[in-house]
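Data block below; observations after.
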Amino acid sequence: MKSAVVKYKILPTVKKELDVRLQKFPILRSLRGDIYDAFSAGTIASKVNPYAIKVMAEIGIDISGQRSKSIEEFRSFIFDYVVTACKSAKGNCPFFLGKYVLHRSFKDPADFEGSDMEKFEVFRNVKNEIKSWIF
């Protein structure tokens with residue numbers, strides 16, 4: 001008899017639901033989709049950053065069709081894990097029913113000012129940090 005696979009419901013949150021979140025959520029789903037049912041949201045809904053789209057495409061993950069979601073969309077959900085991914089989200093994230101609340105701060109690459117090449121590199125570095133943290 002096969003046993004059922006139970007996936008943990010996880011909600012990564014950030015200040016602006018665009019850059020860090022839009023990298024974290026697809027990486028989590030792509031690399032650990034067998035374990036986690038990943039949702040994602042931000043304390044402020046925003047747009048998908050084109051740098052995040054390009055960086056994720058480098059590792060074969062297409063986020064061009066993603067949309068930004070506010071944490072308000074998930075008020076009625078019960079999560080196994082809620083992960084705040086920036087200091088602002090940690091302080092501003094409302095209470096969610098869940099077993100564990102984790103915090104792992106990542107720089108918001110959208111806050112970086114520089115040339116296109118420099119911005120792209122910052123997004124790439126954050127993507128790599130997220131990927132390393134997931135493993």
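We did not get these values from a lab; they are worked out from the coordinates using the rules stated. Just so it is clear, the structure is predicted and the values come from calculations on it, not from any experiment. Backbone-built Cβ (ideal geometry, glycine too); neighbour counts: all protein chains shown.
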Point to revise | Restraint check, Lys9/Lys127; Lys107/Lys131; Lys69/Lys99; Lys9/Lys54; Lys47/Lys99; Lys47/Lys119, Cα-Cα greater than 19 Å | key: Lys9/Lys127; Lys69/Lys99; Lys9/Lys54; Lys47/Lys99
Study note, to complete from the structure: Under the 7 Å Cα-to-Cβ spin-label approximation, Glu73 and Asp111 lie apart by a distance in nanometres of 2.4 nm
Review point. For Ala57 and Glu129 in the same chain, what is the full-extension length gain: residue separation times 0.36 nm, less their Cα-Cα distance, in nm?
Key: 24.3 nm
